[in-house]
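All of the numbers you see were taken from the coordinates with simple rules; none came from a lab. Only a predicted model underlies this, so the values are computations on that prediction, with no experimental measurement involved. Please note: Cβ atoms are built from the backbone with ideal geometry, for glycine as well, and neighbour counts cover all protein chains shown.
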Amino acid sequence: MNEDLKRIFIDTVTTYNFSNQEVEDAEIKEIYELTKWSPTSFNCSPLRLRFLKSKEAKERIDPCVMPFNREKVKNAPVCVILAMDIEFFKDLPRNWPKEDVKGIFEGNKDFTYTASLRNSSLQIGYFLKAVNALGLDAACMSGFINDAVDKEFFQGTSIKSNILCNIGYGIDPKGSKRGSRYEFDEVAEIL
């Protein structure tokens with residue numbers, strides 16, 4: 001197996017121990033540049049990101065995070081709020097100019113929310129692999145209160161939080177010992 005593929009897909013672990021090395025703004029922008037080119041339905045691109053680097057920003061999110069994750073956020077160089085714009089369809093004429101599909105989503109709240117959740121989650125997967133491709137480590141967390149994060153960071157917008165992710169340069173031990181994975185035949189079937 002190619003060493004780069006092995007490093008990005010096989011050797012990565014959920015990382016809880018980060019060095020003090022700063023994640024530069026240029027690196028953050030490069031992560032986004034890699035993430036943005038990956039495919040989504042109608043190129044809808046609902047992912048919205050807030051990179052919390054400063055002590056003040058992390059203090060704002062602290063009450064929104066479950067107690068067992070607070071130190072993890074505080075000790076990571078960057079905590080990213082990976083969110084979704086549930087009104088992504090307003091930009092579809094820009095992002096999908098080949099045909100008018102905006103009407104599929106307008107007025108269809110449940111369908112639009114589901115499309116936003118699915119496609120932002122796809123983009124989060126791309127985001128994680130971009131982080132790893134650039135030599136950084138990551139730890140996604142769902143242990144937070146979405147409504148509190150949305151009120152604090154996205155009040156008055158159409159943006160809703162999806163997941164939090166700490167990023168930085170991991171140090172050993174990065175995290176827990178790697179758990180097992182299912183074999184192909186246990187979870188997949190070729191029909």
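Cross-link pairs exceeding 20 Å in C-alpha to C-alpha distance, out of Lys102/Lys129; Lys6/Lys174; Lys6/Lys129; Lys129/Lys174; Lys6/Lys53, comprise Lys102/Lys129; Lys6/Lys53.
Between exposed chymotrypsin sites (Phe, Trp or Tyr not before Pro) in the chain, where DSSP calls loop and at most 13 other Cβ atoms lie within 10 Å, what's the longest gap? Counting at most 13 other Cβ atoms within 10 Å as exposed, the longest clean stretch of the chain is 38-181. Straightening the chain between Asn2 and Asn17 buys 2.7 nm, computed as 0.36 nm per residue apart minus the Cα-Cα spacing.
Placing +1 on the Cβ of every Lys and Arg and -1 on the Cβ of every Asp and Glu, with no other charges, gives segment 3-170 a dipole of roughly 220 debye about its Cα centre.
Principal axis analysis of the Cα atoms in segment 90-191 yields extents of 49, 46, 26 Å, listed in decreasing size. Remark: the Glu27-Ser41 segment gains 2.4 nm on full extension, using 0.36 nm per residue and subtracting the alpha carbon distance.
Loop-located trypsin sites (Lys or Arg not before Pro) across segment 120-161 with a Cβ neighbour count of 11 or fewer within 10 Å are lacking, with loop assigned by DSSP.
Size descriptors for segment 10-70, from the alpha-carbon set: Rg then Dmax equal 15.0, 40 Å. Amide H to amide H distances under 5 Å link Leu52 with Cys79, Val80, Ile81, where only residues 5 or more positions off or on other chains count and H is placed in the peptide plane.
Each stretch of four or more DSSP H residues adds -39500 (n - 2.57); spread over every residue of the chain, this sum gives -11000 deg cm²/dmol at 222 nm.
When you filter the GluC sites (Glu not before Pro) in segment 70-124 for DSSP loop state and at most 13 other Cβ atoms inside 10 Å of their Cβ, you are left with Glu99, Glu106.
Here the mean projected area of the convex hull built on the C-alpha positions of the chain is 13.6 nm². Modelled label positions at Ile104 and Asn75, each set 7 Å beyond Cα in the direction of Cβ, lie 4.5 nm from each other.
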